[in-house]
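Chemist: Submitted below is the structure of interest, expressed as structure tokens.
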């Protein structure tokens, strides 16, 4: 029934080698009707009551979760909500998996990408912003002494970035073990000098940005 | 006579109206209600002003407020507890409550004044704040956090507030007089009608005022605090994950970032940059930790005079806020 083709089939970048077989008609998806059909999004599951008698429909708009809603992990061990949350999670996941997907949104069609539909629950987590890493704690006293020596000898050459690269640690760690007050003062003086060259508009814009940043932790 | 004679209180229409408006029973005497309206600045005689009653009432108010906060939000940081106590029963909040009750002030105190008016010596415009009201000497010169918790008043203030008797014959602003009236009223209710009615009165007039505790936080380094918290409680280290995004290359992108510890989501935040969304999500996760409410709470004062102790359930006591 479905007329949708996979994305691989739509793309014409790679042309098949010419063959001697007789040419057959290919139905592309480039007609208005088929494109419109693609956009038919299936009704949200909660709006489709399963029973004929009137039921309560609970479908709140997506919004930021309330701060008073304690996540499961933060509940103490003896809290009754732990069992409630766990049972809700298992039933809702089972239900979501049991709900049939619309044929137009079946995997292999353009609609199966999650840009148009709410994401289906799955066991996989969203992608991390930064790749999580394990702390290594691999530097010994000898290497720390070496870091301190290099930083002291030539702070211009051995900056925090270079030392961090060389020893495979973070810049924060370098700053922690080998603090160079003179270099820091020099850098801050340089920054001060370049800040003094700012015009009124840039200075105000930076100031506003700092104030906005303070609000991040206050009105979140 | 610096303040109206107690005999006149029975004839006062204003006092009867006030007693009816606050739904106080008839057995609460109007003379006491009249006495709660006399600030020490109007009448320095401790037998006729509200100083002693306001000390009692202030202690009761702070006790009921702090037990409510500590039992219902056992994980709140102490700064937020102080701020919330001040928002419930601080001087300004009490002055607002008094004005909502329709308390009017007399232009000048005196024996001939209608006893239903709040009586205090007014601060003249242009006059400086008197020495008694100005910042007192600190409780201790080295005011540490521990000292603020243990030894100062319920608001954790750095300077001691003026004692009621020190304000005798000193001109004061209306806020000072109004808050002393509310405190004195609570104290006199306790003396005449007993603790159960005061608790009901407190619930209906003070706890019923909506206070958004989730807006009282101010996080500076939420990401660091959160990873300290997870390490302390033995959870997996928090990881920021991108739940959804729109318009990454546009002028107004929106990123929705969730903080996950293992498979569990701790909090979620939206922002115009990845950094902002992560920061807000970490702040939301910390709030989710601090704003935990146990399901059924029995406050200590609810067991006063109870013979049946089986109803008592020990309250949760948390080990404290995250210190980085």
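Computed from the coordinates by the stated procedures, all read-outs in this text should not be read as laboratory data. Just so it is clear, the model here is predicted, and its values are computed rather than measured. Neighbour counts are summed over all protein chains in view; Cβ atoms, including those assigned to glycine, are modelled from backbone coordinates with ideal geometry.
Chemist: Inverting the mean 1/r over all pairs of different Cα atoms, compute the Kirkwood radius of segment A:137-201 and quote it in Å.
Modeler: In segment A:137-201 this quantity evaluates to 13.0 Å.
Chemist: I've got another one for you. For peptide A:126-134, how many partner chain Cβ atoms fall within 10 Å of a residue's Cβ, on average?
Modeler: 5
Chemist: Next up: Treat the count of other C-beta atoms within 10 Å as a stand-in for reagent exposure and order B:158, A:33 from fewest to most.
Modeler: In order of increasing Cβ crowding within 10 Å: A:33, B:158.
Chemist: Would you work out if segment A:180-220 is rounded, prolate or oblate? Take a ≥ b ≥ c from the square roots of the eigenvalues of the alpha-carbon gyration tensor; rounded if a/c is under 1.5, else prolate when a/b is larger than b/c, oblate otherwise.
Modeler: Taking the square roots of the gyration eigenvalues as a ≥ b ≥ c, segment A:180-220 is oblate.
Chemist: Further question on the same structure: What span do the alpha-carbon atoms of segment B:222-290 cover on each of the three principal axes, reported in whole Å from largest to smallest?
Modeler: 40, 20, 15
Chemist: Still on this structure, please answer the following. Among A:38, B:37, B:266, which comes first, then next, by fewest other beta-carbon atoms within 10 Å?
Modeler: A:38, B:266, B:37
Chemist: Please give the Cα centre distance for segment B:209-246 versus segment B:1-76, rounded to the nearest Å.
Modeler: 43
Chemist: Which value, in nm² and rounded to one decimal, describes the direction-averaged projected area of the C-alpha convex hull of segment B:183-260?
Modeler: 10.3
Chemist: Right, next: In nm, to one decimal, how far is the modelled label at residue A:23 from the one at residue B:45, with both set 7 Å along Cα→Cβ?
Modeler: 11.7
Chemist: Give me the inter-chain shielding for B:279-291: mean count of other chain Cβ atoms within 10 Å, whole number please.
Modeler: Per residue, the average neighbour count from other chains is 5.
Chemist: With a cut-off of 8 Å between alpha carbons and a minimum separation of six or more residues, what is the relative contact order of chain B in percent?
Modeler: Contact order relative to length: 22 percent.
Chemist: Moving on. Rule-of-thumb check for chain B: C-alpha Rg over 2.2 N^0.38 Å?
Modeler: 1.24
Chemist: Which order results if B:210, B:205, A:35 are arranged by neighbouring Cβ count within 10 Å, fewest first?
Modeler: B:210, A:35, B:205
Chemist: While we're on this one: Considering every Cα-Cα pair within segment B:1-127, what fraction, in whole percent, is farther apart than 27 Å?
Modeler: The calculated P(r) of segment B:1-127 puts 28 percent of pairs beyond 27 Å.
Chemist: Going from the alpha-carbon gyration tensor of the protein assembly as shown, what semi-axes, largest first and in whole Å, does one get by taking the root of 5 times each eigenvalue?
Modeler: Semi-axes (√(5λ), whole Å): 60, 36, 24.
Chemist: A follow-up question, please. Kindly provide log₁₀ I(q)/I(0) values, in the same order as q = 0.13, 0.23, 0.25 Å⁻¹, from the Debye equation applied to equal alpha-carbon scatterers of segment B:88-157.
Modeler: -0.64, -1.09, -1.13
Chemist: Shielding of B:259-268 by partners, i.e. mean partner chain Cβ atoms within 10 Å per residue?
Modeler: Neighbouring Cβ atoms belonging to other protein chains average 4 per residue here.
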